[in-house]
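What follows is a short report on a single structure.
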Amino acid sequence: MAADSLLWRIGGGGMLVAALLKITVVPFGEWTLFDFEAGLVWFNAMDVLVWAFVWLVGWGGNSAHALVGGYRFLALAVAYELPLMFALIAPAIAAESLNVGTIVAAQSELWFIVWMPVAFVIYSVGVVAFSVWGPFGSSLGSDIAGGVAAELSGVDRLVFFAGRYGVLVAGAAFAVPLFLGGGSGAFLPEWSWSLLKTVLVLAAFVWIRRKIPLMRPEKFMEVGWMLLIPAGMLQDLLVAMVVVNR
Amino acid sequence: MTLIGDVMFWALGVIAVLSGVAVFWVNSMARATYALAISFVAVGLHLLLLDQAYLGVITILMMVMEMAVMAVYMIMFMGMNPALMPMSMVHDKRLSLVIALVTFALLAAGILLTPWPAGSPAPTEGVTMALGEALMESKMLAMIVLSPVMVATIIAGVSLSLHRGRYDRYGDDLKRPKADDPQPGGVGR
Amino acid sequence: MTLEMVLLIAAALFSVGLYGAISQQVVVMVMMGLELMLNGVILAAGAFWWFLSPEPTGQVLLLVIIAAMTIEMAMGFALATLVHRVRGSDMTDTASELKQ
């Protein structure tokens, strides 16, 4: 039984591609690379690609530890993805659009984070989780010899980890148009506000890395389904009621 | 439709069909599953070419997710570990092939012989918005019917695949204060 | 790109899926065949809407197909789990009788 290097390389390189494709729908000031009608769903579709890529890296290497890591990620993914979807719905309901630019425009008076804090927290959990980061890094855990990345070395390792950091950055960048008013701010031009906010969110994600203990996938699964999904649905309900009565 | 659109259409079509064939051709379970995922991504991109932004992206989203889960089921249930020794797990191969070819011939004949009406081209602006409004207004019944069917599916799926029911977890008289689970959950039940 | 061309590709996807659904012995592989058939149906429905339909509400049909796919998948996984637990394998041939 040989390693499946085709799938392995697709998985390793794919992370970076998914991260770049996510960034394309994020508006920076007046520029958006890909001003897509359903930009929000596009972002969601790209973060589902991460499921496939992480598992493929785990499978392709033909190593027990890497495969255990891949399974850990899928177990975690089932728990974080649905709450993340409910969190993404909230800004879309409030802006009555799936287009990211329209969502930014809808926040000209009040940033969405003010009245959708729960959705923002769930979204952040989702971003940290799909970046295999900090408390959700069990599939790269040292208890399984580096997990998914156990067999990666050289350029493969560089590209995989660049992709992983890229996914985290993309998640931070997407939080800005979604919840933090996009480029709105005083004095500075819009694009610089977008960048500044992205850096701040990213700094929070990096800071959180060692602050919260590792979540075990099977335990977090119940947290996701019993706490985060109902909380996300209540948030959506609240937003919908506000929008209907506006 | 521009030249680029035509080239993309044909490239995606060839990819979709070839990766569809690969599903039943390759020996590796992981490759078979992800070949199907590629086929779905190609069809999703086709839908994007046909101006159905939301449906195209949602097809990619759902199918990649589903194939990631499908791969786990493949490896879990294929038995006899075909990952280690490639084997043929088919019956009636020749008959199936004939049936598939005859079906394709019939469909192709129907497609080519039918005088399709020259319909007015679909709108390219605000398609997603129109879909949302159709779901919430004129075609709401479709979604109203789908939602109880979905709930029934969840319940049926859980009850079919359930390994340990409530009597296993809470005892025969359901009086155990804390569920007896092999793996405790994170909410502390 | 004409309607006939798109439909031919859809028909090819459908036929390949049909081959898989008939010939495969493992429940999960049969499901993959069914999915591929529905893949062709999605493409055909999208093409019909784009080339023929004068109104945008025709897209709802695609959403219904996608929903049907999720239901097929959920029930397929549940049945595969059940058959595997009861019979120890998930070959369709072993599940041909109600009692064994």
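Given the criteria surrounded by 12 or more Cβ atoms within 10 Å (Cβ to Cβ), hydrophobic (A, V, I, L, M, F, W, C) and assigned to a helix (DSSP H, G or I), does B:L112 qualify?
The answer is no for B:L112.
Would you point out the residue of segment B:26-60, among those that are of a type outside the set (A, V, I, L, M), more than 10 Å from chain C (Cβ to nearest Cβ) and not in a helix (DSSP H, G or I), that is nearest to B:S96 (Cα to Cα)?
Within segment B:26-60, the subset of a type outside the set (A, V, I, L, M) is B:27-28, B:31, B:33-34, B:39-40, B:44, B:46, B:51-52, B:54, B:56, B:59.
So of that shortlist, the ones also more than 10 Å from chain C (Cβ to nearest Cβ) come out as B:27-28, B:31, B:34.
The next check asks that each one be not in a helix (DSSP H, G or I); those that pass are B:27-28.
Values: B:N27: 19, B:S28: 21 Å.
Top of the filtered list is B:N27.
Need a quick list: helices (runs of 4 or more DSSP H) entirely within segment A:61-154 having at least 3 residues that are crowded, with 22+ Cβ neighbours inside 10 Å.
Numbers: elements: A:64-95, A:100-105, A:112-115, A:117-130.
Answer list for segment A:61-154: A:64-95, A:100-105, A:117-130.
For C:T57, which of the numbered conditions (1) hydroxyl-bearing (S, T, Y); (2) surrounded by fewer than 24 Cβ atoms within 10 Å (Cβ to Cβ); (3) in a helix (DSSP H, G or I); (4) out of contact with any Lys or Arg (no Cβ under 7 Å at 6 or more places or on another chain) fails to hold?
(4)
Any residue in segment A:159-177 that is touching a strand residue (DSSP E or B) at 6+ places or on another chain (Cβ under 8 Å) and surrounded by 15 or more Cβ atoms within 10 Å (Cβ to Cβ)? Let's see the steps before the verdict.
To start, the set of residues in segment A:159-177 that are touching a strand residue (DSSP E or B) at 6+ places or on another chain (Cβ under 8 Å) comprises none.
Among the residues of segment A:159-177, not one is touching a strand residue (DSSP E or B) at 6+ places or on another chain (Cβ under 8 Å) and surrounded by 15 or more Cβ atoms within 10 Å (Cβ to Cβ), which makes the answer no.
From A:V155, A:V176, A:V169, A:V199, which residue is over 25 Å from A:W42 (Cα atoms) and among the hydrophobic types (A, V, I, L, M, F, W, C)?
Values: A:V176 fails: over 25 Å from A:W42 (Cα atoms); A:V169 fails: over 25 Å from A:W42 (Cα atoms); A:V199 fails: over 25 Å from A:W42 (Cα atoms).
Step by step, each of A:V155, A:V176, A:V169, A:V199 is checked, and only A:V155 is over 25 Å from A:W42 (Cα atoms) and among the hydrophobic types (A, V, I, L, M, F, W, C).
Could you please find all residues in segment A:133-152 being among the polar types (S, T, N, Q) and either more than 15 Å from A:V50 (Cβ to Cβ) or at pLDDT below 80 (or both)?
As a first pass, look at segment A:133-152 and keep what is among the polar types (S, T, N, Q): A:138-139, A:142.
A:S138, A:S142, listed by residue number.
Given the options A:L234, A:L188, A:L238, name the one that is aliphatic (A, V, I, L, M) and either within 13 Å of another protein chain (Cβ to nearest Cβ) or surrounded by 14 or more Cβ atoms within 10 Å (Cβ to Cβ) (or both).
On the way: A:L234 fails: either within 13 Å of another protein chain (Cβ to nearest Cβ) or surrounded by 14 or more Cβ atoms within 10 Å (Cβ to Cβ) (or both); A:L188 fails: either within 13 Å of another protein chain (Cβ to nearest Cβ) or surrounded by 14 or more Cβ atoms within 10 Å (Cβ to Cβ) (or both).
After applying the criteria, what remains is A:L238.
Here are some conditions: (1) assigned to a helix (DSSP H, G or I); (2) farther than 30 Å from B:L95 by Cβ. C:S15 meets all but one. Which one does it not meet?
Here C:S15 clears every test but (2).
Conditions tested, residue by residue: (1) among the small types (G, A, S); (2) at pLDDT below 85; (3) in a loop (DSSP other than H, G, I, E, B).
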{"position": "B:M80", "(1), (2), (3)": "no, yes, yes"}
{"position": "B:M87", "(1), (2), (3)": "no, yes, yes"}
{"position": "B:S96", "(1), (2), (3)": "yes, yes, no"}
{"position": "B:A130", "(1), (2), (3)": "yes, yes, no"}
{"position": "B:I154", "(1), (2), (3)": "no, no, no"}
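The values are calculated or read from the model by the stated rules, or taken from the named source; none is laboratory data. All figures in this text were calculated on a predicted structure; none of them were measured in a lab. FYI the Cβ positions are ideal-geometry reconstructions off the backbone, even for glycines, and counts take in every protein chain you see.
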